[in-house]
1. For B:TYR168, B:TYR325, B:TYR287, what ranking results if the residue with the fewest other Cβ atoms within 10 Å of its Cβ goes first?
2. How would you rank A:223-229, B:187-193, A:83-89, highest first, on the average number of other Cβ atoms within 10 Å across their residues?
3. Counting Lys and Arg as +1 and Asp and Glu as -1, each charge on the Cβ, what is the dipole of chain A about the Cα centre in debye, to the nearest 20?
4. Across 10 Å bins from 0, what is the distribution of all Cα-Cα pair distances for segment B:115-169, in whole percents?
5. Among the listed pairs A:LYS42/A:LYS72; A:LYS42/A:LYS79; A:LYS42/A:LYS309; A:LYS72/A:LYS127, which have their C-alpha atoms separated by more than 21 angstrom in this model?
6. So what does the Cα-only Debye profile of segment A:145-288 read at q = 0.14, 0.18, 0.20 Å⁻¹, as log10 I(q)/I(0), no solvent term?
7. Considering the Cα positions of segment B:77-191, please state its Rg to one decimal place and its Dmax as a whole number of Å.
8. Please list the non-local residues whose amide H lies under 5 Å from the amide H of A:ARG236, H modeled 1.01 Å from N, same-chain partners needing a gap of 5 or more.
Amino acid sequence: MKRTSKRNASARMGVVALLVASCVACVGVTEERAQRDETVGKGGIAGATFEVVDGLGAWRQLEPGAVSLWAKAPTIEIKVTLGENAPAGWTLRVTNTLPDAVLEATADSEAAPLATELLSSAIRTEKQWGFTLPVGASTLRVHSARGEPAGPWRFALLSDIQEAIDRVQDIYARINADPSIAFVVSAGDLTRRGDVEELERFQRELTSLRVPFFPTLGNHELGTDDGAPFQRHFGRASFRFVYGGMQFTFLDSGSATIDPLVYGWLDNWLAEGRHRTHAVLMHIPPIDPIGVRNGSFANRNEGNKLLAKLAAGGVDVTLYGHIHSYYPFANAGIPAYISGGGGSIPERFDGIGRHYLTVDVDPARGITQTGVVRIDPD
Amino acid sequence: MRHVLSSVAALLALSTARFALADPTVSDRGGELQAAAADPETPTPAWREQRPAREWDSSALGTAAAIFPGALVHGAGHLVMGESRTGLRLLALEGAGLGLLATGFVPIVLSGASRRLVGPGAALSVVGAGLFAVSFLADIYGLVAPEGGVGAPLRVAPTLQTAVGYRYVYDRAFSYRHFMVQEIDYRTGAWRLHPSAWFALDDTNSRLRGHVAYRLTGPLPSGNAPSRDGSFLDLEAALTRHAFTGERFATTTGEVAVAGRLDMAHIGPSLRGSFAEMSVGWALQAYSYALRGTTADLGELLLARFGYGVYVGFPGSPRGEIALYYDHRHDDFVAGLKLPGLGSGVIGHFGAEARFFLTSQWGVAAEAAVGSAYLTGISILFRHGEPL
């Protein structure tokens, strides 16, 4: 009878150790997603190139003479370059824009604005225009006909809808009933797994909302191809825009971290927003106020690093999702709100239930008030 | 949290209570075991029975069974080998683990991670996952390890142990990479004082930690009776100051924990030479920012860790130990795991650590871990105090 030799035992233990060692994670899980952000809003067809400035839009259709775009901001600017062989007549459809949006088209070669024609659209947040562009560089600017507000205005924050998509219409009805809301921002988790079918369903549901909806992604959008369908459908995960004297900076924290590339963008965005009222939104908060839960960054030190950066940048408010409740608190001295009230598995025993947050802004005074609109109590 | 600590303490105390019933003359490498077997008048405790001899083919079959279906039915390897007592104990351990996991995790899911339930729920989940992992690894160890294992525990702890070493940390969120690490481990009676310091060599980052522990049971320094084996139960407290000067913040963490080790020979003779570890605790953190207009924030942290290891070497030869572990900490250099897809943030990190003394005084320690960062490094150890 042959006994198990120590040599054989060591070999087998070595194999087991190698198997265990192979089960290591990747610390760079956000890298490709951040790089994809840089490609959003760039496209070309039939001798024409289109670039949405700052990536604030995702091209849905690029065909000779007809392009359509999902807007990521109340005001967007598109740089167009037409070659000699490109068609001159174009239609531009912009989805998810302000109900009073207008198109202003200018060509580098002509002093006067180009003529545009508003075409019909059945959806309040979708506009379509026809126009003719000359060869060379032109700029298309989509913005509110009334201009940005000089007086008090309001926006809403709605996040973490996921499997509650069947019930989202009553939330939209409440938002529609408040005429002071200019648009809705979202800290993500619109879907359960972020697949194309869910994203299309989400967009169909949005057609009843009378104002545009500007989201970053949540961790649930990463359930399919690392969030690539979200980026193709709804554009960048990290971006920023300015409206009504206020800067909105959205950061992709869906992987419980911020990619180093995004930190680089953030430094510039913080510098831009230094003298504005500045809101920073992301899905997973840097620090969960209930620390033992750790619904926050994977590395608490990174969370503190980000908060120190935001505090140094003079950020006025931080808005988060991920946790399905409502938490008003402060981080690094910055007022903070977690509002994950879209309906996905609500946190029990908190007395909150489905809700959305409203934020009142006075361009002269900054944020003046926040409110919680409850849809159905827990 | 108090209830969680009490539960874990009770669990560990139950397991260590078995030591008190055991024959106090357990020696290394089965010496006493052989003596007991030679004396027909002396009944051998079941858990100290010698492992039956195995043939290579059947041993390979058992190892395969420990992986499949052993990944689902822990102890399957031992059951296939006919070592049903150990196999059934491992299966029971898996059942207990799954039970605790379900008890902790189901309320978290159903309550939407309610702030009122998530602390104890998460602690129970980690402990349950620990028992699950330990029972799986033990089944494999019991099949691949030679009889008596590849080493024996120290039954007397060194009075003084110092370490100086180097650590490489790759964290995409921070620019530091290289650290010098210094530690002192001093024991007097049941008390252990363990200050340590990490200084970045290429950054201003520094971490100073004061750690104190009281040993309820287990190996003590020379001057005390040798322990029966390497099992122990400690109460721990620590205060840590971690300065991120370049990033303009610092964290101060106070923590308490209960930590234990169980020599797995208590579960079955084939597991001799291996051990399982578990600890659970709670920390309160203050985050301060070196920025005008900021205020310090307070936060809590769940501490939980489990591991499985083997002793290496027997008395009279170079010896040490190697362990794999999971640590739920999210505030250290490695912190929590980042995963592709939607699962990042909650899980802590995994690692391996090893200590090996080449002489009675000089040794080396090495570690590697992966979470938000990769960490690896080595230390030179010096100890004093007649460890056995």
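1. Values: B:TYR168 15, B:TYR325 22, B:TYR287 25.
Ordered from fewest to most neighbouring Cβ atoms within 10 Å, B:TYR168, B:TYR325, B:TYR287 come out as B:TYR168, B:TYR325, B:TYR287.
2. A:223-229, B:187-193, A:83-89
3. Working: 37 positive and 43 negative charges, 289 e Å.
That gives chain A a dipole magnitude of about 1400 debye.
4. 16, 21, 27, 32, 5
5. Listed pairs above 21 Å: A:LYS42/A:LYS309.
6. For segment A:145-288 at q = 0.14, 0.18, 0.20 Å⁻¹, log10 I(q)/I(0) is -0.69, -1.11, -1.29.
7. 20.8, 54
8. A:GLY57
The numbers here are math on the coordinates, done by the rules we state, and not lab data. Everything numeric in this text was worked out from a predicted model, so none of it was measured. All Cβ positions, even for glycine, are placed from backbone atoms using ideal geometry, and neighbour counts span all protein chains on display.
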